[in-house]
1. In the stretch 28-89, what chymotrypsin sites (Phe, Trp or Tyr not before Pro) fall in a loop by DSSP, with at most 13 other Cβ atoms inside 10 Å?
2. Within 10 Å of each residue's Cβ, count the other Cβ atoms and sort Arg36, Arg79, Arg85 from fewest upward.
3. Can you list the GluC sites (Glu not before Pro) in the stretch 23-89 that are in a DSSP coil and have 11 or fewer other beta carbons within 10 angstrom?
Amino acid sequence: MSEFNKKQRANNGVDSVIKTQSFVAAKRFKTEKAIRSLEAIAYNASLAADRARVAALDGEASYSVSTVKYEQALAATARTEIILRQIFN
């Protein structure tokens, strides 16, 4: 095998490693972006549940247990998804 072929084989190995690493980085960025979105969903759902409780305490709106439970379940689901994405990605 010529010296040129040896260098070419060595470079092909490096190129495939670089391509793999850049793919992982792109996947990691996408995962981090999804996690930020899920964090925003969880935060907004918790805030909506708190607003519903405060409005009920102030007499501005009737207290709706189903609304509060829905918002809390949404926040919990988003937080669970964040944890699972961090574990498996």
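1. On the way: sites: Phe29, Tyr43, Tyr63, Tyr70, Phe88; in loops: Tyr63.
Answer in residue order: Tyr63.
2. Details: Arg36 11, Arg79 17, Arg85 14.
So the residues, fewest neighbours to most, are Arg36, Arg85, Arg79.
3. On the way: sites: Glu32, Glu39, Glu60, Glu71, Glu81; in loops: Glu60.
Of the GluC sites (Glu not before Pro), the ones in loops of the stretch 23-89 whose Cβ has at most 11 other Cβ atoms within 10 Å are Glu60.
Every number in this text was worked out from the coordinates using simple rules, so none of it is lab data. In this text, all values refer to a predicted model and were calculated from it rather than measured experimentally. Cβ: placed from backbone, ideal geometry, glycine included. Neighbour counts: every protein chain shown.
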